[in-house]
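Trainee: Got a structure for you, written out below as structure tokens; questions coming shortly.
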Amino acid sequence: MNLRTEYEVALAAVTRASLLTRSLQSELAGQAMSKGDRSPVTLADYCSQMLICREISLAFPNDGIIAEEHSQDLLEGKAPGMAEQIVAIARREADPAADLQLAFAWIDHGRDVTSSRQWVLDPIDGTKGFLRGGQFAVALGLMIDGKVVLGMLGCPNLIHDASHSGCILGATLGGGTRQHALDDPLLFRAISTSTVGSGPELSFVESVESGHSDHSTQDLLKDRLGAAQAEPVRIDSQAKYAVVARGEAAVYLRLQSPKTPDYRQKIWDHAAGVLVLTEAGGRATDQFGAELDFSAGATMRNNTGVVATNGVCHDEVIATLQELQK
């Protein structure tokens, strides 16, 4: 499958959105509004989605897009002045003649399109981390016939190397994973996961937000695997997938929280990160070892939780989890 054009479009779009959101992170200083589900959303979320969806609409006008944000939340007036700010950024970053109608059309582009090709977008994954000045990710994936075939993770605050801050990790199915420098995307290298199988070197990457996983089971798991003494890496967003893909941690768990037994993951929280990880040599399943199903709509209703590893330790992690869940 030749996805060269899709990769180039995705890389360019995620680069633009990542640079913009990084510049907005310090400017917004914690400013956000609450959506209907009480989750926070910022000006940067909408502007990131607007830029990326616009690029997809120009390159692939018939493709569908499953994206987290919707202009309806802005129309409800929960954040006075935000719509005007979005138009100002649309004029600066995309089209000097843009108005509110056009900006909203870009934000919502592809939402109702039925197609075998569906882009999956989280314009800012880890909004709480973004608001704290921490890690966040711009996550874009492409599904064809329900299978993720391309993943692009913009991690504006994750160091590329000693000379470049910010990186973008891109992957295509069967093509491996590359890490690009955010400020120079033509500078890239192939990356791969670690080879740690078990024991005290088996490091975990964990969410800063405690409500995102079942941390008590996670602690028991680490103890069983002999990894209880390893200091976890704590960061927000799908940047956790990037950390495992780069070999800096071996395990990322998003276990079903007993506080929310009916909750199911959203595809935009995992699609891009999972492909970036698996193409770097890792594995990702749900917490019972079932393959992840991204084809059932916006919600991963056929899976419970997510277990992502370097691949080497995956079977042992799943087997130990099953023992703990009996």
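Values in this text are rule-based calculations from the coordinates and carry no lab data. All values reported here derive from a predicted model rather than from experimental measurement. Cβ atoms come from the backbone with ideal geometry, glycine included; neighbour counts cover every protein chain shown.
Trainee: Which order do ARG22, ARG189 fall in if you start with the one that has the fewest other Cβ atoms within 10 Å?
Mentor: ARG189, ARG22
Trainee: Based on alpha-carbon atoms only, what is the radius of gyration of region 181-326 relative to the globular estimate 2.2 N^0.38 Å?
Mentor: In units of the globular-protein estimate, region 181-326 measures up at 1.00.
Trainee: Now for a separate question. Would you mind telling me which residue in GLU231, GLU279, GLU206 has the biggest mean-square fluctuation in a Gaussian network model of the chain, where springs connect alpha carbons within a distance under 10 angstrom?
Mentor: Largest GNM mean-square fluctuation: GLU231.
Trainee: Taking region 1-109, how much of its Cα-Cα pair set, in percent, is spaced more than 17 angstrom apart?
Mentor: 54
Trainee: For the chain, set up a GNM with springs between Cα atoms under 10 Å and report which of SER163, SER26, SER203 has the largest fluctuation.
Mentor: Result: SER163 has the largest fluctuation of those listed.
Trainee: Right, next: For the chain, what does the helix formula give at 222 nm: sum of -39500 (n - 2.57) over DSSP H segments with n ≥ 4, over the residue count, nearest 500 deg cm²/dmol?
Mentor: Result for the chain, helices only: -10000 deg cm²/dmol.
Trainee: In addition: Select from LEU225, LEU202, LEU142 the residue whose mean-square fluctuation is largest in a Gaussian network model of the chain (Cα-Cα springs shorter than 10 Å).
Mentor: LEU225
Trainee: Reported to two decimal places, what Rg/Rh ratio describes region 4-190 when computed on Cα atoms with Rh from the Kirkwood expression?
Mentor: That ratio is 0.95, to two decimals.
Trainee: Which of CYS47, CYS313 has the fewest other C-beta atoms within 10 Å, and how do the rest follow up to the most?
Mentor: CYS313, CYS47
Trainee: Still on this structure: With everything on Cα atoms, drop me the angle between helix 43-59 and the longest principal axis of the chain, reported from 0 to 90° to the nearest 10.
Mentor: 80
Trainee: Percent relative contact order of the chain, based on C-alpha pairs within less than 8 angstrom and at least six residues apart?
Mentor: 16
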